[in-house]
Each structure stands twice: as C-alpha cells, then as structure tokens.
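The values are calculated or read from the model by the stated rules, or taken from the named source; none is laboratory data. Just so we're clear, the structure is a prediction, and the values are computed from it rather than from any experiment. Glycine also receives a Cβ, built like all others from the backbone with ideal geometry; neighbour counts cover every protein chain displayed. Ligands, DNA and RNA are stripped out before the accessible areas are found, and what is left, the full protein with its side chains, is counted by its heavy atoms. Shrake-Rupley method; radii C 1.70, N 1.55, O 1.52, S 1.80 Å.
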Amino acid sequence: MLIKFLEKRYEVIQKLKTTGVLDLYVAKDINDVRQKLYTIVCVSDRELARKLIPFTTKENTSIAFKDLHESFNLEGKYYIVFQYAQGETLQQVLQENVYDLKERLLLLKNIFGQIILLNMPECFIYEVLRKDNIVVDQALGVRFNYFFTEVDYYWQVTSKNCLHRINELVQELFQKELTDKSVRELKDFSKKLKQERLEDIWECYEAYNDFYENLLWKTEHQEIRPRRIWWKAWDAFKKKIPVLKAVLTILLIFASGAFLLKSLPNPVLSEDGITFDQIGTLQIQDPTQNTDLEQIPEETSEEDLEENLEENLEEDLEETSEEDLGEDLEETSEEDSEEDLEENLEEDSEEDENSE
C-alpha cells in the first residue's frame, strides 16, 4: 500500500490496528535515503478529524514538537504522520528487571527531559506516558510512539491526568524501594504526586530534579538500605491500626450495653407480682423482711395487752433513779405550799369582809 502526498511516498510496512474511526500504520518514505520509519494515522471520521486538527498541525503546535512530522488531507481522510521509535519498550524492560536503582533514576530523568524538550500538547503527554509507548535504548535514551490508544479522551486531558500517569510510572519503576521505604526522597516525591501537590509537568520535573543528584550520590556510596526489621514491624502494625480500632469500638459498644443492662432495675417475680431489688446504685429493701423492726402480731388479746403495759411500767419504774424521785417530791411539795398560802390568804380576806 502506497500513500502519496505531494513529493512524499509513504510505503506501508505494517498495519498496527484499525477501529471504526481510524487506521494505524507503520510506513517509510521511499524517497528518503535514510529510510526513516513513521507512524501514520488515517482518520476516516470527519468529526474526530475536526477535533484533532488543533493538536496535530504544525501551525498549532510548538516547533519543538519534532515527533510530529506532518499532517494532510487526502481523498476525504485526515492523515497524521509521527516519527516511529524502534526498540525495547519500557514494559519489556521492567519485565526483564535488568536495571539497578541508579539506572532507573536516570531513566525517569530522561523521560521527564524528553517530554519537556518536545513541549508536546497535554493529550500526547498523557498518551506517551504509557509503558508500551516509551522506547528505551542501550544508553537509557528515551523516545516515544503515538498509537492513539485513548483518542476519544484527548480533548479532556488536564495536567492532573498527566501527573496521575507519572505517579503510576513512578510506582512501576521504583516498586521495590517504595515497598521497603528505603529511599525517603522517592517516598516523599510519590506522596506529593498522590496528594496532587504538584501543579504541572514542569513543577513535577523540578521536584524530581531537586533530589536526583543527592540520590545518585547516595547510591554511589551505598547509603541506601532497606529499613530494619523493627521499622517493618512498626509499619505492619500501623496498617493493622484501623482493624484494631474497629474491634475496640465493637468491644466498647458491647461493654457499654452490658453495663446499662446491669444497672437497669432488677425485677424479681414473686407472688405479689414484680418487685425491684435495686434501681441504679439504690438498694430497695422489703419492709416486711426488716429484722430491726419488731413484728407486731396480727391478733392480740386484752390480757396480753395488760401484761405488756404492766411490764412496761415496771421497767420504767426500775429505770427511774432515786434522785429523780426526790426532785419530783420537792417540786410537788413546793407546789403544795404555794397553793396553801394562796388558800389562807383568800380565807383571811373573806373573814375581813364579813367582819365589816
């Protein structure tokens, strides 16, 4: 298959994929002696082509975006030509696990550097940050492929979406170090990405570049070590804290319920019905069962009453002392003498009246 446009002649080598709205090819320009390879996107849907034009024309993109080779209309279809990168993808490199920490740090720095250098639109940053779209050479240089995997999402992409992709990439590249928490700088950088404390790709690159040199020095001097066993134990315990909180909360609820049930009135079923022995901390005692009070018999005869009165009188007389009796006699004698005097005075006064 040959795609002709002006003096260009693109010979299709491989068809990568086809959808209802576009076809994707790998081709070469037969007029170019360098035999460079290109990714050609053939968009047959006019509405999709209209939306892609602002991102895929030389007039609307940065001159630094050299991966975009050209775009043109031909026979009612819109063609976009990108440079095609050959080599191992980042996905293959990660599966082989051949790079040490220092090499992976440099690899991420090169990914950032290439994105900043190309100054590409955000929709293509979001596209190339897929592991299958990043091609790594022997010198850890980086190139990108553009496969239009999520083309329907291109015009909705924001800086936050791109930073989310970078965070996924960081998690893949440094999975071991982040799991062992052996590199504090990487942990802090990943935390910033997760918490969305970085605004855009440039700020993300600056944050990474700030600790990159210091981290390289540590790797050269073998100062990076996984945390010791007690740190790992503490981290494991912190992960269990939410579970422990839930268990303690349930136990506390049950204990509170048991205490409330215990402190409620305790009814006792008897012949007279339901009675209560306790209300809260207050003890309730049946007066009929009080041993301190003398029980009064229901039927008492007159003789028994007289005997009880006599016994009570005798006890009262015995308890009364002689001194008390003397005092009572003196009081009664004084009272009698006063009464006699009053009577004598009255008699004398009556006699005087009669004599007159």
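Quick notes on this one:
- Per residue accessible area in Å² of segment 4-130, where ligands, DNA and RNA are left out and the probe is 1.4 Å: 51
- Set Lys109/Lys239; Lys36/Lys109; Lys28/Lys77; Lys66/Lys187; Lys51/Lys131; Lys77/Lys160 screened for pairs whose C-alpha atoms are more than 30 Å apart: Lys109/Lys239; Lys66/Lys187; Lys77/Lys160
- Of the accessible area of segment 143-210, computed with a 1.4 Å probe over protein heavy atoms only, carbon and sulfur atoms account for 42 percent.
- Viscosity 0.692 mPa s, temperature 37 °C, Stokes-Einstein D of segment 95-202 from Kirkwood C-alpha radius, µm²/s: 225
- Projecting the Cα atoms of Ile80, Pro121, His69 onto the dipole axis of segment 46-142, where Lys and Arg carry +1 and Asp and Glu carry -1 at the beta carbon, places Pro121 farthest toward the positive end.
- Debye, to nearest 20: dipole size of segment 1-153, +1 on Lys, Arg Cβ, -1 on Asp, Glu Cβ: 200
- Heavy atoms of the protein chains alone define the surface here; on that basis segment 133-172 has 42 Å² accessible area per residue at 1.4 Å probe size.
- You can think of it this way: the chain between Leu261 and Lys77 has 58.2 nm of extra reach, that is 0.36 nm per residue less the Cα-Cα gap.
- For segment 176-216 versus segment 57-106, the gap between their alpha-carbon centres in whole angstrom: 25
- Portion, in percent, of the accessible area of segment 1-56 that falls on carbon or sulfur, probe 1.4 Å: 52
- Filtered chymotrypsin sites (Phe, Trp or Tyr not before Pro), segment 108-208: DSSP coil and at most 12 other beta carbons within 10 Å: none
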